[in-house]
Amino acid sequence: MKTCMRTINADMVAIVLVTSAAAQDSRCPVGLKYVGRLHYETNADTGHETKTVAFPVGIGLDPTYQQSNLKCSGGGSDARCDLTNADVPRRLHLAMSGDEAACPGLVGDRKGWAVNRPINLTALQVSGNTVEQFGFSANLSCTHGTNACGGCNVDVKVCAKLLTPPAKKHHQATGSSGQ
């Protein structure tokens with residue numbers, strides 16, 4: 001009986017992991033893949049921090065993609081974003097969200113969140129003329145407004161248009177029979 005339960009638990013863990021990866025990809029537009037996440041949280045009145053995420057090693061990014069819709073702030077009236085679509089590095093799509101909740105029974109501005117400059121796509125590892133690993137950084141900020149309770153957070157899911165690897169060429173061995 002214990003062996004059976006362990007097998008079922010292992011299967012459930014595998015299902016949860018697959019579902020979690022699929023859920024991450026589901027936040028990305030069709031044709032793009034989830035490559036990382038930036039997150040900032042604070043209990044202070046306001047705060048900001050530059051966060052960086054390293055992408056998986058060995059992925060190539062397709063420079064033909066440019067994000068066309070951008071929501072980079074929300075919530076309280078003091079949450080401001082200075083980004084435009086052109087600021088988002090080609091190859092990337094940023095799905096941004098944050099805590100916009102108001103405290104029940106209080107009057108005033110809600111919490112707010114924003115993603116601001118500088119945002120950068122950088123080469124973390126280079127081999128010859130090839131980037132082996134990319135990284136992305138952004139300035140994330142939270143505000144509590146005048147109607148504040150609890151913490152504040154901002155989250156950036158980073159999706160990328162990946163290059164398809166070149167097809168491997170199959171070389172046929174040629175030879176002569178010597179006759």
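The values are calculated or read from the model by the stated rules, or taken from the named source; none is laboratory data. Everything numeric here is computed off the predicted structure, so don't read it as measured data. When we count neighbours, we look across all protein chains shown, and the Cβ atoms used for this are built from the backbone with ideal geometry, even at glycine. Please note that ligands, DNA and RNA were not included when accessible areas were found on the heavy atoms of the full protein model with its side chains. Shrake-Rupley method; radii C 1.70, N 1.55, O 1.52, S 1.80 Å.
Ordered from largest to smallest accessible area (heavy atoms of protein chains, 1.4 Å probe), the residues Lys111, Lys71 come out as Lys71, Lys111.
Label separation (Ala44 vs Ala86): 3.3 nm, computed from points 7 Å beyond Cα along the C-beta direction. Within the shell of other residues whose beta carbon sits under 11 angstrom from the beta carbon of Pro63, the net charge comes to +2, with Lys and Arg scored +1 and Asp and Glu -1. The string of couplings for region 132-144 from the Karplus curve (6.51, -1.76, 1.60, θ = phi - 60°) is 8, 8, 9, x, 9, 9, 8, 8, 9, 9, 10, 9, 9 Hz, one whole number per residue in order, with x for Gly and Pro. Counting only heavy atoms of the protein chains and using a 1.4 Å probe, Thr146 has close to 100 Å² of accessible surface. Ranking His48, His93, His39 from most to least accessible surface, computed with a 1.4 Å probe over the protein chains only, gives His48, His39, His93. Place a label point 7 angstrom from the Cα of Thr52 along the Cα-to-Cβ direction, then list the residues of region 107-131 whose backbone nitrogen is under 15 Å away. Answer for this model: 118-126. A cut-off under 13 angstrom between Cβ atoms defines the neighbours of Arg110, and their net charge, with Lys, Arg +1 and Asp, Glu -1, is -3.
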